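The values are calculated or read from the model by the stated rules, or taken from the named source; none is laboratory data. Bear in mind that the values here come from a model prediction, so they are computed numbers and not experimental data. Here the Cβ positions follow ideal geometry from the backbone for every residue, glycine too, while neighbour counts run over all protein chains shown. Remember, those area values only see protein heavy atoms, side chains included, never the ligands or the DNA or RNA. Shrake-Rupley method; radii C 1.70, N 1.55, O 1.52, S 1.80 Å.
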Amino acid sequence: MSKRKGNISHQPLGECISQVQRILRERFCHQKLTEGLEGVEAQHKHLEELLRRSAVYGESNSVLIVGPRGAGKSSLLRSVLQELLQEKEVQENLLQVHLNGLLQADDRIALKEITRQLHLENVVGDKVFGSFAENLAFLLEALKKGDRTSSRPVLFVLDEFDLFAHHKNQTLLYNLFDVSQSTQAPVAVVGLTCRLDVLELLEKRVKSRFSHRQIHLLSGLTFGQYLDRVRAQLSLPDEFCDSRFAQEWNASVKTLCEDKSVQDVLQRHFNCSKDFRSLHMLLMLCLSRVTLAKPAIKASDLLDVSRLFLADAKTNMLHGLSIVELCLIIAMKHLNDVYEGEPFNLQMVHNEFKKFLQRKSNSMYNFSQPVVVKAFEHLQQLELVRPVDGSPKTQREYQLMRLMVDHSQIMAALQKYPQCPTDIKQWALSAFA
């Protein structure tokens, strides 16, 4: 009997690998932490009480969650909502609207997104509203229940809250906070920001309507805890379809996390960012290397992926430039050295390039003016050079520009540039042209 059970739990290797990929990819993509957040029990309780009062009793509230990047602001909110949504009453009533200051760059876009997330496109139709407040009031009115006595509570989550403060007249924030202060409709506004001075950005009329509730999160994560999280994120659950494979996988993950070279790589990532989003991205790249031929993550995989992950995007971009474009970048570097970072124009860059050509009697880099102009335009498209802010409109050759690449990136790119001519390398290495 036990023998037959053992056979049932044992799955083909291919099936196990696909299950591992599915479970871990879902965990990384949805930012799921296998263990709860530590040391934030008081903040968790405070936020849960606020949101429960809005979702169950129809109270309006507003709160700001403040903390550095990677402190767990989004994770805290996600875990509170996950707990609340297990209750039937909350699940049936609460509506959620998630906005991000990076995506909803102005109030018009934000209002469209609110309409979309509340599924009210058909209700709004071709109606024309006189003001933002009128439009928002109409949307909230449309959410009234059938008996017309109460509205459904709406939770507004504003990620990158400080960016909404830069919108014209702060119309969105004013109207949301105004609704949360009045008895129009039950609304909870939760802002997430990493700026401690965020209240200073708010206009007086907006500030007066905000409840001034703030929940502060501080990242007290140690490297030991970070390492434990990595192990937990890569480990398979006990209820995995093949218990023997799960034991072997978890043992290999434990060995991986104890490897000195792996710990060095993770320490470097930990020092750069304690944000679990970047960790999940790193682990996702490692997971993509797991195949039938190699059914576990090796230390070499993590080292390779880390090199890829920490690679400088601009240095990689420089590898793909043509010789003439590379020469122009080096000419700009010399101009930066000579004029101590002052802006330059195309004519100055071309003159610097000509000086280099004059030193070579039989130079093969004698490009015509249109070729140089085209190469310069391509560098501008790649955003390796950009116009100086507020520079007056002049001829293209005399427009002031700045180089967006530093010396170390240029030197690193030259070392790896395929078949880079020696005289160009020497020109780049010389202190002044």
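I need a count of the residues in region 75-112 that are in a helix (DSSP H, G or I) and either surrounded by fewer than 16 Cβ atoms within 10 Å (Cβ to Cβ) or out of contact with any Leu (no Cβ under 8 Å at 6 or more places or on another chain) (or both). First the steps, then the outcome.
Kept after step one, since they are in a helix (DSSP H, G or I), are these residues of region 75-112: 75-84, 88-93, 107-112.
Next, only the ones that are either surrounded by fewer than 16 Cβ atoms within 10 Å (Cβ to Cβ) or out of contact with any Leu (no Cβ under 8 Å at 6 or more places or on another chain) (or both) stay: 78, 82-83, 88-89, 91-93, 108-109, 112.
Residues in region 75-112 being in a helix (DSSP H, G or I) and either surrounded by fewer than 16 Cβ atoms within 10 Å (Cβ to Cβ) or out of contact with any Leu (no Cβ under 8 Å at 6 or more places or on another chain) (or both): 11 in total.
Which numbered condition in (1) outside any helix (DSSP H, G or I); (2) among the aromatic types (F, W, Y); (3) modelled with pLDDT of 75 or more; (4) farther than 27 Å from S75 by Cα is the only one that F138 fails?
It is condition (1) that F138 fails.
Just give me the residues in region 208-230 being part of a loop (DSSP other than H, G, I, E, B) and under 16 Å from K73 (Cβ atoms), in sequence order. Reasoning before the result, please.
Step one: filter region 208-230 for residues part of a loop (DSSP other than H, G, I, E, B), giving 210-213, 217-222.
Answer for region 208-230, where residues must be part of a loop (DSSP other than H, G, I, E, B) and under 16 Å from K73 (Cβ atoms): R213, L217, L218, S219, G220, L221.
Quick check on region 231-242. Is at least one of its residues loosely packed, with under 15 Cβ neighbours inside 10 Å and in a helix (DSSP H, G or I)?
yes
Quick check: anything in region 188-195 under 21 Å from V66 (Cβ atoms), in a loop (DSSP other than H, G, I, E, B), out of contact with any helix residue (DSSP H, G or I) (no Cβ under 6 Å at 6 or more places or on another chain) and open to solvent by 30 Å² or more (accessible area, probe 1.4 Å)?
To start, the set of residues in region 188-195 that are under 21 Å from V66 (Cβ atoms) comprises 188-195.
From what's left, in a loop (DSSP other than H, G, I, E, B): 194-195.
From what is left, the residues that are out of contact with any helix residue (DSSP H, G or I) (no Cβ under 6 Å at 6 or more places or on another chain) are 194.
Going one step further and asking which of them are open to solvent by 30 Å² or more (accessible area, probe 1.4 Å), we end up with 194.
Yes, there is a match, as at least one residue in region 188-195 is under 21 Å from V66 (Cβ atoms), in a loop (DSSP other than H, G, I, E, B), out of contact with any helix residue (DSSP H, G or I) (no Cβ under 6 Å at 6 or more places or on another chain) and open to solvent by 30 Å² or more (accessible area, probe 1.4 Å).
Hey, does region 122-137 have a residue that's surrounded by 14 or more Cβ atoms within 10 Å (Cβ to Cβ) and acidic (D, E)?
Checking region 122-137: not a single residue is surrounded by 14 or more Cβ atoms within 10 Å (Cβ to Cβ) and acidic (D, E).
State all residues of region 171-187 that are outside any helix (DSSP H, G or I) and open to solvent by 10 Å² or more (accessible area, probe 1.4 Å); if no residue qualifies, say none.
Hits for region 171-187 are S182, T183, Q184, P186.
Can you name the residue in region 211-225 that is surrounded by 15 or more Cβ atoms within 10 Å (Cβ to Cβ) and modelled with pLDDT of 85 or more and, of all such residues, is nearest to D197 (Cα to Cα)?
Q214
I'd like to check something: does region 250-273 contain any residue that is in a helix (DSSP H, G or I), surrounded by 13 or more Cβ atoms within 10 Å (Cβ to Cβ) and touching a residue at least 60 places away in the same chain (Cβ under 8 Å)?
Within region 250-273, not a single residue is in a helix (DSSP H, G or I), surrounded by 13 or more Cβ atoms within 10 Å (Cβ to Cβ) and touching a residue at least 60 places away in the same chain (Cβ under 8 Å).
For R205, only one of the following conditions fails: (1) over 28 Å from Q31 (Cβ atoms); (2) in a loop (DSSP other than H, G, I, E, B). What is its number?
(2)
Exactly one condition in (1) under 29 Å from Q31 (Cα atoms); (2) aliphatic (A, V, I, L, M); (3) more than 26 Å from the chain's Cα centre (by Cα) is not met by L163; state its number.
(3)
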